[in-house]
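The values are calculated or read from the model by the stated rules, or taken from the named source; none is laboratory data. All values derive from a computational prediction rather than experimental measurement. FYI the Cβ positions are ideal-geometry reconstructions off the backbone, even for glycines, and counts take in every protein chain you see.
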Amino acid sequence: MPGYRILAGDTIIIMPVQSCPLSPSHAQDLAGIDQVRVALNGVLRGKPNVIENVLVCLLAQGHLLIEDRPGLGKTTLAKALADAVGGHLARVQCTPDLLPSDITGFSIFNQKAHEFEFRPGPVFSEVLLADEINRSTPRTQSALLEAMAERQVTVDGLRHPLSPQFLVIATQNPHEQHGTYPLPEAQLDRFAMKLSVGYPESDDEIEMLAAAATTIDDREARPAILVPGQLFRLQQSVRHLSIDRSVQDYLVRLAQATRRHPHISLGVSPRGLLTWQRAAQAQAFLRSREFVTPDDVQDVALPVLSVRLGIERDDPESIIRELLKTVSVS
Amino acid sequence: MNTNIELVARTRVHGRALRAETLPLILSLLAVTTLEIAQWEAVGTRWQIAVKVPIIAAVMTWMYWVFSRWKGIGLVPGRLTSVLLLVLALLPIPVEAVQRASSDAGNTLELLLLAGFRNLVCGLAVISYQRGFDRMCCVVSMFLMIFASAITSDPVVHLLVVLFTVCGIWWLMGLYWDSLSGQLIGATQPRFPKYFLILIPLLLLPVLAILPVVAPLAARALPGWLPSSGGDQWNDPYARSGVNDGDAMVPATDDARSFGPVETEIFMESTKPSLYDVFNEMYGKPPKVQKSDRAIALRPEFLKHSHERMAKQQKLGKQFSTVRRARSPQLKAQQDVTSSALLYVGGRAPQHLRLEVFDLFDGVEWFPEELVGMPDYLKLTMLGQQPWIQVPQPDPEDVLAPAEPHQLKIINLQTNRIPSPPGLVGVHIDKVDRADLFAWAQNSIIKMDRDELPDLTVIHVQSRTVRRERLRETLIHNSSGHTIHRQVPQSVDEAKLAALANSWAGPSTNPWNRIEAVVARLRASCIVDRDYRAPESCDDTVGEFLFESKRGNDYMFASAAALLLRSLGHSTRVVTGFYVDPAKYEQQSRHTPVGRGDVHVWLEIYTSPGTWVTLEPTPGYEVLRPAPNLWQRCLQTLTAVVMHVLQNSWSYAVCSLLVITAWRFRAEVSDRILTGLWHLQRDRHSRQHVLRTLLLLENRCRWIGFVRGPSDTASKWLLSLADTQGAQEHDVVCRFSRMSDWAQYAPPHQTAIPESHLREICHDIVNYFTLVHIKDLRSRRSTRPSRR
């Protein structure tokens, strides 16, 4: 649905289309994204804001960490997203005995050819779903560092490039502590966003039950919505969105504020700042705007910052909102 | 793990304590106080500092409190702050220019620069809650502290320097700790070393020990580095660093260049009849002394030999107690500076300086009082290693105020009498420790046992003024013991005079009230005419003055008052001398020049044994009252303000009305003006037009109370402002908010919508969001979501 969207609180205001300065290719790409949005909303009911942030993360070429209680649709959302964007989906169920080579792949000696040949692991896919990521050991978690940051893996001294659309969707349950290994800061900083799905509203749950009562459980993969290369084109379009110097200045001041805040022990890193800017560009793109405003920066601040800030209190959201309120826009 | 957690918690507590946000404010207050004390030597008094510094501190603290509250609601210093700080720093320059143009007063270049620094420090201190400004505040405060402490030798400043150092170290440690706490996470948590609290005083002890030695050295060494007026390069009239730097007259300690009315440890050979004499064993032709007179013998080491001609400084410059710099030998010769003043008087004015007392009047002429009953020689007492001639001043009725000092700097006064203020209690001349050099000239008038007072001599006198309100409660003694003081000449019609005096004295039975009433009526009834002379044939000049001409010179007023009071039975006498006119006070030299035109005649009335009270019957002349205390000064200021307001009540009423009206309708008036300008101004670029429209809307909302928060973008703020019930209005707001985003953040090449459409939307939003509409919106909303 092309148009100009403005997020005011929890409501999305759709602006008149006729005055929206959209190029034809931009409008066509947005139509594809709208279809993805509709598909995801069909899978995860009553969570439009979560879906919007997932789309932002997708367009910003970032990796996603979904953190919530069991049974709230984390894996469903990840699978639906993988289906929608097309490409190969690989799933890894993280356990303490999972080895790094189970993720990256390994070399095996071929008796016929008398040489070692590389057997690629699940990272050689478009979407990698790492379920319960905090159940794997730090050693195994570290196997993802290179893949997430540089979209490549190095095995036996050989560099193996990954897909340019490579996307990691990791889930974790924060409420179970036994047998889990908290993700290190270096790992967290490689995720673009952290999202919580949360329980659906009553109406949405009734609707969900009604749909489930009559629908046959279809375990077949859904057809891809985006054509091959379309996601990459969309991600490239996001990169070309203009961002004014004053908005960049605002971003830097916000980042500096996170580094000086008394309750934040670890502020935003330069890598985090770059991710934040890209997420803001993606947000502007989703709002059919060809430039970024401070509103975009503010709207993606919570998921972008909550994954990477070392906040000492139990309520990181209030601290992030306080930061946004104290730093001047201009 | 548990230990780690404990350490983290402890570290946080210490870190919070060290990050005391008020330390920059305290440092700035210490620096400003130091500067005020340093300035005191030049332009102020102790009590002025005692009043000024707390006021400055209170204002700064209050403003800091207000601004820090603004921070709490999201207001932070913007770009305008830097401009305001710059204006504050440069403000002393135009003020100084105005001051110099309007009066003789002026400040030296270094004080001017320091005043700029002080303003900057004050400005930074009130916004020091903001990160960045606090550091700048501390750095500038440190500069101010160094400069201010270098130009003064006041011991209080040493204490302030120590305090500043302690607070500065504390602040630096907090800053360091602050930076550590942001970097060290998790495993290694440094513990704040408590022994530092003990170590700080130990570290400060050596500083305290060497401070008295280092401070003077620094004062000598730093002038080359500190901004300074004058120096060796040019002559600044307001400079404060000695000869050739400016007009300041500094006591010589090393290299005297001229004779002047200052007290110094260096004496040069002179052909004048000096008050001091030194035995000179040097070979060579002795200077030819024009005239010899009695002198005080000094030790030979006081004499400084110079083969150059010594200039003579008769005009006073500013005086400072700074250490004089060592001079280079290539100094140009000093020129004589002449003055028409007979003497300069330092101290409060107006003041009467008595030279001669007259008691006998024959109707035409006054005759001097004879010296009767006074001891031959005066008593000399050493007070604080200074020789003082003490004059007994009995005060049985407790009507005299505490002694008050005055300095008389003799320039061209050709008399041996010391001009003595009424109530004289002591006389001191530097190094003159022989009582036989002084003698009584007349009752309560001292002279030197020489032909005349030596030029350029500084005479210190102490006197006690009369608390006149006490005289109303005390018994006025009519008789001084000498009938001559109550004698009315035969040529005067005493009955007529007494009748006039009684009628002027009024119905009051209080003697002092009657005396004051007579003097007041005389001042009101007759006018001063310097050119009027009584006919030569007249043998009753007072009668002619009082009953016929009613005009005359000051001696006629004094004579008439003396006889009127004598007719009432009081003892009076007429005094001639000098009147120290406060209107002639020179701000620059802080002295009042007394010239030939200040010769004046007045009278004194006997009130109790040994006490003669000055009365001033001539209009335009006043008598020195006891120095008011702080409360009285405040009261006088308040009274003066109230009187001024009452005298100009109509002007103030009209102005107040205008101000109240303007304040009441400030929003409407400002909006009309800004809207008119918005209509008139044709922007060349669409973006400018949109931004100006946005600014107009923001101003309107600010006047009503809808203030955009600093973290709100214009579009979000506009959407929150829009009335969601009106679809058309909402549509206009949405369109304009989008345009405001475009105008602020879109790249230059990106166009929005056609120009005509854009201007139409701007026009619509200005018409929708009128002041009335915004007021209506506000009243409809019980809560104000965008009010910060």
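A few points about this structure:
- Those residues of segment B:144-169 which are part of a helix (DSSP H, G or I), surrounded by fewer than 18 Cβ atoms within 10 Å (Cβ to Cβ) and within 24 Å of the chain's Cα centre (by Cα), in sequence order: B:Ile146, B:Pro155, B:Val156, B:His158, B:Leu159
- Meets criteria (part of a helix (DSSP H, G or I), more than 25 Å from A:Ser288 (Cβ to Cβ) and within 14 Å of chain A (Cβ to nearest Cβ)) for B:Glu698: yes
- Pairs with Cβ under 9 Å, 6+ apart, first in segment B:736-752 and at the interface with chain A (Cβ under 7 Å from one of its Cβ atoms) and at pLDDT 80 or above, second surrounded by fewer than 22 Cβ atoms within 10 Å (Cβ to Cβ) and assigned to a helix (DSSP H, G or I): B:Tyr745/A:Ser246; B:Ala746/B:Arg687
- Of the criteria (1) within 25 Å of B:Arg468 (Cβ to Cβ); (2) under 35 Å from the mean Cα position of the chain (by Cα), which one B:Ile418 fails: (1)
- Comparison of A:Ala78, A:Ala27 shows that the only residue that is closer than 18 Å to A:Gln235 by Cβ, modelled with pLDDT under 90 and more than 14 Å from chain B (Cβ to nearest Cβ) is A:Ala27.
- Subset of segment B:672-689 [within 14 Å of chain A (Cβ to nearest Cβ) and at pLDDT 85 or above]: B:Arg687
- Residue check, B:Gln487 farther than 30 Å from B:Ala520 by Cα and more than 29 Å from the chain's Cα centre (by Cα): no
- You will find that of B:Thr713, B:Thr693, the residue that is touching a helix residue (DSSP H, G or I) at 6+ places or on another chain (Cβ under 6 Å) and more than 9 Å from chain A (Cβ to nearest Cβ) is B:Thr693 and no other.
- Among (1) more than 9 Å from chain B (Cβ to nearest Cβ); (2) under 23 Å from B:Gln744 (Cα atoms); (3) over 16 Å from the mean Cα position of the chain (by Cα) - the single one A:Ala280 does not satisfy: (3)
- B:Asp430 of a type in the set (Asp, Glu) and closer than 16 Å to B:Val613 by Cβ: no
- Residue match in segment A:133-153 (condition: in a helix (DSSP H, G or I), of a type in the set (Ser, Thr, Tyr) and either touching a helix residue (DSSP H, G or I) at 6+ places or on another chain (Cβ under 9 Å) or over 17 Å from A:Leu89 (Cα atoms) (or both)): yes
- Here B:Leu719 does not qualify as outside any loop (DSSP other than H, G, I, E, B) and more than 9 Å from chain A (Cβ to nearest Cβ).
- Look at segment A:293-304: where a residue is under 14 Å from A:Leu65 (Cβ atoms) and a partner is in a helix (DSSP H, G or I) and of a type in the set (S, T, N, Q), sitting 6+ places away or on another chain with Cβ atoms under 8 Å, you get A:Pro303/A:Asn53; A:Val304/A:Thr275.
- Selection within segment A:130-179 - surrounded by 13 or more Cβ atoms within 10 Å (Cβ to Cβ) and among the basic types (Lys, Arg): A:Arg135, A:Arg151
- Within the set A:Val268, A:Val252, the sole residue that is assigned to a loop (DSSP other than H, G, I, E, B), away from every other protein chain (no Cβ under 12 Å) and more than 19 Å from A:Ser196 (Cβ to Cβ) turns out to be A:Val268.
- Every test in (1) under 29 Å from B:Trp177 (Cβ atoms); (2) surrounded by 19 or more Cβ atoms within 10 Å (Cβ to Cβ); (3) facing another protein chain (nearest Cβ under 10 Å) is passed by A:Ile243 save one, and that test is (1).
- Considering residues of segment A:286-301 that are part of a helix (DSSP H, G or I) and within 14 Å of another protein chain (Cβ to nearest Cβ) only, the residue surrounded by the fewest Cβ atoms within 10 Å (Cβ to Cβ): A:Ala301
- Just one of the listed residues (A:Arg233, A:Arg222) is in a loop (DSSP other than H, G, I, E, B) and touching a residue at least 24 places away in the same chain (Cβ under 8 Å), and it is A:Arg222.
- Hits in segment A:302-330 (condition: outside any helix (DSSP H, G or I) and within 13 Å of another protein chain (Cβ to nearest Cβ)): A:Leu309, A:Gly310, A:Ile311, A:Glu312, A:Arg313, A:Val327, A:Ser328, A:Val329, A:Ser330
- The one condition from (1) over 54 Å from the mean Cα position of the chain (by Cα); (2) more than 8 Å from every other protein chain (Cβ to nearest Cβ); (3) in contact (Cβ under 8 Å) with a residue 12 or more places away in the chain that B:Val707 does not meet is (1).
- Test set (1) in contact with a helix residue (DSSP H, G or I) (Cβ under 8 Å, 6 or more places away or on another chain); (2) surrounded by fewer than 13 Cβ atoms within 10 Å (Cβ to Cβ) - A:Ile103 fails condition number: (2)
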